[in-house]
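Student: Starting off with a structure, shown below.
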Amino acid sequence: MLQCRTLKKTAGILAVAMSLSWGAACAASEDPARDRLDEYAAYIQEHKLSDFGYPANHDVQLEGFYDWLVESGAYKAMSNNAGDPFQIHGGHLNALAFEREVIDFFGPRYGFDLDNLWGLVTFSGTDGNDHGIYFGSKYLEKKTKKKPIVYVSDAAHYSNMRLVDLQNLELRLIPSDAHGRMIPEEFEKALVTYRPALIVFAMGTTFKGGIDDQDAINKILAKYPSVEVYRHVDAALFGGYLPWTTFRNAVNRKFHPFDSIAVSGHKFFGLDEPAGIFLTTMEVKQNQNPFNVTYLDGSMPMINCSRSALAPLKIWWIIQHVGAEGFTQQAYGMLFRAAWLESELRQMGWPVWREKKSNTVYFKRPPEAIATKYDLAPDHDDRLGGDLSHIVVMQHVTQAHLQEFLDDMAAAVK
Ligand SMILES: Cc1ncc(COP(=O)(O)O)c(C=O)c1O
C-alpha cells in the first residue's frame with residue numbers, strides 16, 4: 001500500500017498548497033483512489049520502455065506544459081474548440097487561434113500552400129481518416145453527382161474499412177503484396193471507370209510499414225482521364241517523421257498530388273493522449289455540404305462539434321519546444337536504430353524485412369517468451385513463412401533496449 005507520496009514540481013503551486021493540507025491528512029487516513037492511480041502510474045513507468053510493438057512515442061515531453069496548465073489556472077475552465085480554426089469569431093472559450101497556428105505550421109511540410117489550406121486538430125488518426133473519406137466522398141459527389149467507390153488496400157489500417165462501412169460507401173479492397181503495398185495491377189482490375197474514385201493511400205501500413213506506390217497508381221489512373229479522383233493519404237505514423245528526413249517528398253502533395261492527409265499526434269509527435277491533424281485544401285473544404293450554424297457564426301464542415309482545446313495547445317507546445325530541429329533529430333534517430341536492428345537480426349540469420357523509409361522492422365515471430373516480454377503484436381503471412389512480429393522503433397526505443405532484445409534473441413536462437 002502506498003503511503004504519503006512525494007508530490008512533484010509537475011503539479012506546481014497547486015501541489016505545494018495541496019501537500020500542506022493533504023500531508024497532514026495522509027498520515028492519518030489513506031486515499032484508496034490515489035493508491036489506485038499510483039499503482040496505474042507505476043505500471044505505466046515499468047512497462048513503457050519495453051513497449052516495442054505499437055507506434056506510440058513514450059518519450060513524452062509535456063512536463064512544462066502541465067506546469068503551465070496548473071500554475072496559470074487555465075485548467076480551471078472548460079475550453080472547447082467547437083468551430084472552425086479558419087473562421088475565428090471569438091465568443092466561447094477556445095484555443096482556435098493555437099489550432100490554426102498548428103495547421104499553418106504543418107501545412108507547408110506536406111506541400112500545402114498557405115492560401116489554399118484548411119485543416120483541424122483531430123481526435124486521432126482514425127478521426128483524420130474519417131474526415132478524409134467524408135470530405136472526399138462529398139467533394140466527388142458534388143462534382144460528379146455520383147457516389148464514389150472507395151479503394152483501399154487490404155493491408156491498410158482497419159479504420160479505413162470501418163469508416164467506409166460507417167459512411168455507407170462502396171468499398172473495393174485491393175490485395176496487397178507480401179510487404180503491405182497495394183498491388184497496382186489489382187487496382188486496375190478493380191477500377192470502375194464510370195464512377196468517381198476515392199483512393200486511400202497507405203503511407204506506412206500498421207504492421208509492415210508498407211507504402212502504396214502512388215506513382216504507379218497514378219499512371220494507371222492517367223489511362224482513364226474521365227474518372228474523377230480524390231486521394232486521401234493515411235499517414236498516421238510515417239506522416240509524423242518523414243517531413244524531417246530526406247524522404248520528405250513522399251508526403252508532399254507537390255510531388256504526389258493528394259487532396260488530404262491524416263497524421264496521428266500521439267505517434268511521432270509525442271502527445272500523451274490520442275489526437276492528430278487533418279489537412280486538405282480550401283477548395284475541398286468549400287465543396288462540402290454547407291451546414292450553417294448560427295451560434296458558431298459560420299458553415300461547419302467538420303464532423304465533430306465539441307473538440308479538444310487541450311490537444312491543439314499540447315501540439316503547439318511541442319512545436320515550440322521540440323520544433324523542426326528536434327523532430328529532425330528524432331526522425332533520423334529512429335530510422336538509424338531501425339536500420340541497425342534490421343541488420344543485426346539479418347546477421348543472426350533471423351528472417352527480417354523493412355521498407356527503407358520505415359521505422360517498423362518486421363520479422364519471423366520470436367519465441368513466445370520474448371514476444372510477451374516486449375509486447376510484440378502478432379501477424380501471419382504465408383508468403384513470408386508464417387508467423388510474424390514487428391518492432392516499431394519509436395523515440396523511447398533506445399539502442400540499449402534493442403540490444404537487450406537482440407541478446408534475448410541470440411540466447412534463444414543458439
Ligand atoms: C496506418 C494507420 N492508420 C490509422 C491508424 C489509426 O490511428 P489512431 O490510432 O490515431 O486512430 C493507425 C493506428 O495505429 C495506423 O497505424
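Student: Starting from residues that are acidic (Asp, Glu) and part of a loop (DSSP other than H, G, I, E, B), keep the ones in segment 190-247 and report whichever is nearest to the ligand (Cβ to nearest atom). Let's see the steps before the verdict.
Tutor: Within segment 190-247, the subset acidic (Asp, Glu) is 212-213, 215, 228, 234.
With part of a loop (DSSP other than H, G, I, E, B) added as a condition, the list becomes 212-213, 228.
Working: Asp212: 11, Asp213: 16, Glu228: 25 Å.
Of everything passing the filter in segment 190-247, Asp212 is nearest to the ligand (Cβ to nearest atom).
Student: Also: Taking Ile261, is it surrounded by fewer than 19 Cβ atoms within 10 Å (Cβ to Cβ), modelled with pLDDT of 95 or more and among the β-branched types (Val, Ile, Thr)? Don't jump to the end; show me each part of the working.
Tutor: Working: surrounded by fewer than 19 Cβ atoms within 10 Å (Cβ to Cβ): no; modelled with pLDDT of 95 or more: yes; among the β-branched types (Val, Ile, Thr): yes.
So Ile261 fails the test.
Student: Now for a different question. Read through the list (1) away from the ligand (no atom under 16 Å from the Cβ); (2) under 27 Å from Ala275 (Cα atoms), then give the number of the only condition that Glu186 fails.
Tutor: Answer for Glu186: the failing condition is (2).
Student: Right, another one. Being among the aliphatic types (A, V, I, L, M) and under 25 Å from the mean Cα position of the chain (by Cα) is the filter; apply it to segment 67-88 and report the residue that is farthest from Val102 (Cα to Cα).
Tutor: Going through the qualifying residues, I end up with Leu69.
Student: Would you point out which residue out of Leu114, Leu171 is away from the ligand (no atom under 15 Å from the Cβ) and within 27 Å of Leu271 (Cβ to Cβ)?
Tutor: None of the others qualify; the one that does is Leu114.
Student: Give segment 123-139 a look and list any residue that's surrounded by 24 or more Cβ atoms within 10 Å (Cβ to Cβ) and among the hydrophobic types (A, V, I, L, M, F, W, C), or say none.
Tutor: Answer for segment 123-139, where residues must be surrounded by 24 or more Cβ atoms within 10 Å (Cβ to Cβ) and among the hydrophobic types (A, V, I, L, M, F, W, C): Ile133, Phe135.
Student: Taking the criterion of being within 16 Å of the ligand (Cβ to nearest atom), crowded, with 24+ Cβ neighbours inside 10 Å and touching a residue at least 40 places away in the same chain (Cβ under 8 Å), would at least one residue in segment 278-293 satisfy it?
Tutor: Filtering segment 278-293 down to residues within 16 Å of the ligand (Cβ to nearest atom) leaves 278-279.
Of the ones still in play, those that are also crowded, with 24+ Cβ neighbours inside 10 Å are 278-279.
Retained after the next criterion (residues that are touching a residue at least 40 places away in the same chain (Cβ under 8 Å)): 278-279.
Yes, segment 278-293 contains at least one residue that is within 16 Å of the ligand (Cβ to nearest atom), crowded, with 24+ Cβ neighbours inside 10 Å and touching a residue at least 40 places away in the same chain (Cβ under 8 Å).
Student: Let me ask you something else. So Arg253 passes all but one of these: (1) assigned to a helix (DSSP H, G or I); (2) out of contact with any Pro (no Cβ under 7 Å at 6 or more places or on another chain); (3) more than 16 Å from the ligand (Cβ to nearest atom); (4) not polar (S, T, N, Q). Which condition number does it fail?
Tutor: All conditions pass for Arg253, except number (1).
Student: Report every pair of residues separated by at least 6 positions or lying on different chains whose Cβ atoms are under 7 Å apart, first residue within segment 254-276 and assigned by TED's automatic domain parsing to the domain that holds Leu198, second within 8 Å of the ligand (Cβ to nearest atom) and among the polar types (S, T, N, Q).
Tutor: Ala262/Asn129; Ser264/Ser124; Pro274/Ser124; Ala275/Ser124; Gly276/Ser124; Gly276/Ser264
Student: Test Ala331 against the stated conditions and say whether it is crowded, with 20+ Cβ neighbours inside 10 Å and either in contact (Cβ under 8 Å) with a residue 60 or more places away in the chain or outside the structural domain of Phe238 (by TED's automatic domain parsing) (or both).
Tutor: Yes.
Rundown of residues vs (1) among the acidic types (Asp, Glu); (2) within 16 Å of the ligand (Cβ to nearest atom); (3) at pLDDT below 55, yes/no style:
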| site | (1), (2), (3) |
| --- | --- |
| Ser21 | no, no, yes |
| Ala33 | no, no, no |
| Asp59 | yes, no, no |
| Val70 | no, no, no |
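Student: Further question on the same structure: Please tell me if Arg162 is away from the ligand (no atom under 16 Å from the Cβ) and either of a type outside the set (Ser, Thr, Tyr) or at pLDDT 95 or above (or both).
Tutor: Working: away from the ligand (no atom under 16 Å from the Cβ): no; either of a type outside the set (Ser, Thr, Tyr) or at pLDDT 95 or above (or both): yes.
Taking the combined requirement at face value, the residue does not satisfy it.
Student: Here's another thing I want to ask about it. Assess whether Ile174 counts as being under 21 Å from the mean Cα position of the chain (by Cα) and of a type outside the set (Lys, Arg).
Tutor: When the stated conditions are applied, Ile174 does not pass them.
Student: Now a separate question. Scan (1) modelled with pLDDT under 95; (2) more than 21 Å from Lys48 (Cα to Cα) for the single condition Asp381 breaks and write down its number.
Tutor: Evaluating Asp381 over (1) modelled with pLDDT under 95; (2) more than 21 Å from Lys48 (Cα to Cα) leaves (1) as the failure.
Student: To continue, here is another question. Just need a number here: residues in segment 127-158 that are within 16 Å of the ligand (Cβ to nearest atom) and touching a residue at least 60 places away in the same chain (Cβ under 8 Å).
Tutor: The number of residues fulfilling the criteria is 11.
Student: Among the candidates Thr281, Thr294, Thr360, single out the residue that is out of contact with any strand residue (DSSP E or B) (no Cβ under 8 Å at 6 or more places or on another chain) and among the hydroxyl-bearing types (Ser, Thr, Tyr).
Tutor: Details: Thr281 fails: out of contact with any strand residue (DSSP E or B) (no Cβ under 8 Å at 6 or more places or on another chain); Thr360 fails: out of contact with any strand residue (DSSP E or B) (no Cβ under 8 Å at 6 or more places or on another chain).
Just one listed residue meets the conditions, Thr294.
Student: With respect to Asp104, determine if the residue is touching a Leu at 6+ places or on another chain (Cβ under 8 Å) and either within 22 Å of Phe247 (Cβ to Cβ) or within 16 Å of the ligand (Cβ to nearest atom) (or both). Let's see the steps before the verdict.
Tutor: On the way: touching a Leu at 6+ places or on another chain (Cβ under 8 Å): yes; either within 22 Å of Phe247 (Cβ to Cβ) or within 16 Å of the ligand (Cβ to nearest atom) (or both): no.
No: the conditions fail for Asp104.
Results for (1) more than 18 Å from the chain's Cα centre (by Cα); (2) within 16 Å of the ligand (Cβ to nearest atom); (3) within 20 Å of Ala400 (Cβ to Cβ), shown as yes or no for each residue.
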| position | (1), (2), (3) |
| --- | --- |
| Gly265 | no, yes, no |
| Ala275 | no, yes, no |
| Gly298 | yes, no, no |
| Trp317 | no, no, no |
| Leu341 | yes, no, yes |
| Pro351 | yes, no, no |
| Tyr362 | yes, yes, no |
| Arg365 | yes, no, no |
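The values are calculated or read from the model by the stated rules, or taken from the named source; none is laboratory data. Please read all numbers here as calculations on a predicted model, not as lab measurements. Methodologically, a virtual Cβ is constructed for each residue, glycine included, from the backbone with ideal geometry; neighbour enumeration extends over all protein chains shown.
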